[in-house]
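Asks: Before anything else, here's the structure in question.
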Amino acid sequence: MALIVVCSAKGSPGASTTALALAAEWPRQSLLAELDPLGGDLVYRQGAEDGSVLDPNRGMNSLALAGRGGITPELVHEHSQRLPGGLDVLVGLTRPEQTNGWSGRWTALGRALAAPGTTDVIADIGRAHPGSPVNELLPYASLVLVVSRTTAEDLAHLRSRVASLHNVLSPAGRSGAPVGVLLIAPARQQAAAARDAAQVLAAGQVPAQVAGVIAFDPKAAEQLAGRRRGRIHRTQLVASVRQTIGSLGTQFGLGRVPEQAVTENESAEGVLQ
């Protein structure tokens, strides 16, 4: 498995929406893992494959109990649930205090999520900051994607956050996972946003590159959150996510599949409706 971590540099720029869209459109079999220590939202926004509601106690909560003797990829999948369309999800914690149950065990979770296999994991860890307990699993990531808006202050926070992430990913000078930046910008401003962000990163000598630009599409984001109906697979948001996945394949070798490969969540239309 490849472990692709998605986080935000500041506030709520759309990292969770981006993680869900990436996982739903991912060309290989994928698992969306909600690892934000402050809790996840999927259980409130999405339904289960059989038309029922997602179980808030099956996911990170139940895995913490079952994994006391060790965490394996098989155990992770036993505690995942499936959305309509075939996307598997590991539902996040429902209260911040439940993070105590994971104290000292994030490393084991990271090792399990990154273990060799056929499933890639898209992990939403929430806002990146130096004191986050989930940082313990970052050394097992294949790629860390930092989601940011494009205002001057957002880019300033982005530069600072990426620099601190690099220290976590590469302790004692060892080579760690690359860091890519995903920008949220209106479709007509994407080229300028990517250029400006690249200049800010280069000026600060920050070891990261712009990996893609996700369209700022509030209506599509509401559809993805389950608050609005519509054909989301034809929106600018999904089109930009597909383009970004192609870019990740070119830049980092991720998201590629053999020409004849078929995955369980090959069609994301059931998830993105």
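Rule-based calculations on the coordinates, nothing more; no lab input. What you see is a predicted model, and the numbers here were worked out from it, not measured in a lab. Cβ sites come from the backbone with ideal geometry, for glycine too, and all protein chains shown count toward neighbours.
Asks: Of Gln190, Gln199, Gln29, which is the most mobile in a GNM of the chain whose springs link Cα atoms less than 10 angstrom apart?
Replies: Comparing Gln190, Gln199, Gln29 in the GNM, the peak value goes to Gln199.
Asks: Which whole-number percentage describes the relative contact order of the range 3-252, with Cα contacts under 8 Å and a sequence gap of 6 or more?
Replies: 24
Asks: If you rank His233, His77 by fewest surrounding Cβ atoms within 10 Å, what's the result?
Replies: Fewest-to-most ranking of His233, His77: His77, His233.
Asks: Of Asp50, Asp36, Asp124, which is the most mobile in a GNM of the chain whose springs link Cα atoms less than 10 angstrom apart?
Replies: Result for the chain, Cα springs under 10 Å: Asp50 fluctuates most.
Asks: When the Kirkwood radius is taken over all Cα pairs of the chain, what Stokes-Einstein diffusion coefficient follows at 4 °C and 1.567 mPa s, in µm²/s?
Replies: For these conditions, the coefficient is 70 µm²/s.
Asks: Further question on the same structure: For the range 172-244, what does the alpha-carbon gyration tensor say about shape, rounded, prolate or oblate, given a ≥ b ≥ c as the root eigenvalues, a/c under 1.5 as rounded, and a/b over b/c as prolate?
Replies: Here the range 172-244 falls in the prolate category.
Asks: With a ≥ b ≥ c taken as the square roots of the eigenvalues of the C-alpha gyration tensor of the range 1-88, please select rounded if a/c is under 1.5 and otherwise prolate if a/b is larger than b/c or oblate if it is not?
Replies: Note, shape of the range 1-88 comes out rounded.
Asks: Another question, if that's okay. Filter the chain for me: DSSP H helices, axial length by Cα at least 18 angstrom, mean Kyte-Doolittle hydropathy not below -1.0. List them by residue number.
Replies: Passing helices, by number: 152-169, 190-203, 236-252.
Asks: Here's something else I'd like to know. Would you mind pulling out the separation of the Cα centroids of the range 1-31 and the range 99-132, in Å?
Replies: A separation of 13 Å, based on Cα centres.
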